[in-house]
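These notes concern the structure reproduced below.
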Amino acid sequence: MENKYLEEYKKQQLRKCQLKQLDILKETDAICRRHHIDYWLDGGTILGAVRHKGFIPWDDDIDIAMTAEGLEKFKQIAPKEFPDHLMLQTPEKEPTKEPISKVRDLNSFYVEESDDFSVDYQKGLYIDVFPMIPYPSISRNLTKKITRGISKCYSILHHKHYYSIRAFAEFFWFSFKYVIYRMIWSMACILRPTNTYYSNEPVTNGYGTQHRKDSIFPVADIEFEGYSFLGPHNPDAYLKDLYHNYMEIPPVGKRKIHSIYIHSQLTPSVPQRANKDDE
């Protein structure tokens with residue numbers, strides 16, 4: 001049953017949420033430009049930049065992507081330069097289920113359906129940072145089948161399970177399938193290496209998408225909410241890979257806010273990191 005009061009509350013909080021996420025993106029952009037780390041707007045964020053010049057009106061998240069090497073450099077630098085209210089959340093540091101890095105705001109609270117309150121990790125507003133890797137030179141259909149298989153098995157294996165004969169059977173069956181898909185993927189990467197296509201790590205590529213490298217690089221400036229950020233070199237080709245007819249506005253029934261609950265600010269003000277000149 002839908003709670004109309006909660007839905008109305010989320011709509012009221014949405015723009016505040018978007019503006020705080022925009023601030024997170026601005027901080028991230030500044031660090032990346034300062035240290036020559038390529039990133040680009042991804043997913044619904046690049047769609048919003050092209051179709052709406054900013055957020056999709058009902059969207060409540062921001063996605064960016066980096067090469068795996070760029071992300072590793074970002075992990076080393078960003079935590080030292082973020083203001084105190086931001087943190088880099090990685091699977092290595094906090095027990096999140098998603099193998100994705102996030103830049104989190106600590107002065108907010110954001111709840112999604114997948115959040116697990118039995119596990120201690122930060123749940124503030126965030127932007128997703130997806131690592132992109134080279135893909136093997138195989139057919140798109142085969143790529144889609146393998147990556148979808150890896151993503152589905154990973155998702156099932158990392159969800160909460162209840163003890164039963166069926167649960168044990170499913171665990172072993174999907175573990176077996178995961179290993180097989182991974183072996184096929186590794187063989188494809190060895191036998192058909194390429195520098196032509198890039199996409200997400202297979203565990204986060206449930207749609208099986210891939211992009212030509214020349215549609216991403218060199219990254220180029222693109223407007224988003226009145227500010228200049230970095231986007232893929234050919235946004236049209238990139239978006240067609242993701243959404244096909246991306247300029248078509250979805251019907252009202254499919255315009256969903258991702259979150260269950262949003263609280264955009266926990267305290268009225270955030271203490272800023274001291275300037276070194278003032279110390």
So what's the net charge close to Tyr197: Lys and Arg +1, Asp and Glu -1, counting the other residues with Cβ under 11 Å from its Cβ? +2
From the phi of every residue in the range 227-234, what ³J(HN,Hα) in whole Hz does the Karplus formula 6.51 cos²θ - 1.76 cosθ + 1.60 yield, where θ is phi - 60° and glycine or proline is x? 10, 9, 10, 9, x, x, 4, 10
Proxy exposure order for Glu98, Glu92 (fewest C-beta within 10 Å first) is Glu92, Glu98
Of the listed values [x] 0.97; [y] 1.11; [z] 1.06, identify the label whose number matches Rg/Rh (Cα atoms, Kirkwood Rh) calculated from this model. [x]
Tell me, what is the FRET efficiency for Gln265 and Asp236 to the nearest 0.05, using R0 = 35 angstrom and their Cβ-Cβ distance as r? 0.40
Of the cross-linked pairs Lys145/Lys254; Lys80/Lys256; Lys11/Lys145; Lys4/Lys240, which ones have a Cα-Cα span greater than 29 Å in the structure shown? Lys80/Lys256; Lys11/Lys145; Lys4/Lys240
Taking amide H positions as placed 1.01 Å from N in the peptide plane, with prolines and chain starts having none, which residues 5 or more places from Phe55, or on another chain, fall under 5 Å of its amide H? Glu225
Residues with amide H under 5 Å from that of Ile62, placed H, sequence gap 5 or more: Asp128
Diffusion coefficient in µm²/s returned for the range 137-193 by Stokes-Einstein, Kirkwood Rh over C-alpha pairs, 25 °C and 0.890 mPa s, is 200
Determine ³J(HN,Hα), in whole Hz, for all residues of the range 165-178 in sequence, where each value follows from phi through the Karplus function 6.51 cos²θ - 1.76 cosθ + 1.60 and θ = phi - 60°; x replaces Gly and Pro. 4, 4, 4, 5, 4, 5, 4, 5, 5, 6, 5, 4, 5, 4
Among Phe168, Phe82, Phe224: highest mean-square fluctuation, GNM of the chain, C-alpha pairs under 10 Å: Phe168
Inter-site label distance for Ser114 and Asn245 at 7 Å from Cα along Cβ, in nm: 2.8
Ignoring everything except DSSP H segments at least 4 long, calculate the 222 nm mean residue ellipticity for the chain; use -39,500 (n - 2.57) per segment, divide by total residues, nearest 500. -13500 deg cm²/dmol
Work out how much length Phe171 to Ile77 would gain on full extension: take 0.36 nm times their residue separation and subtract the Cα-Cα distance, in nm to one decimal. 30.0 nm
Would you mind checking which residues have amide H under 5 Å from Ile260's amide H? H placed 1.01 Å from N; only 5 or more apart, or other chain. Val111, Glu112, Glu113
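Every number in this text was worked out from the coordinates using simple rules, so none of it is lab data. Please read these numbers as outputs of a predicted model, since none were measured by experiment. Virtual Cβ from ideal backbone geometry, glycine too; neighbours counted across all protein chains shown.
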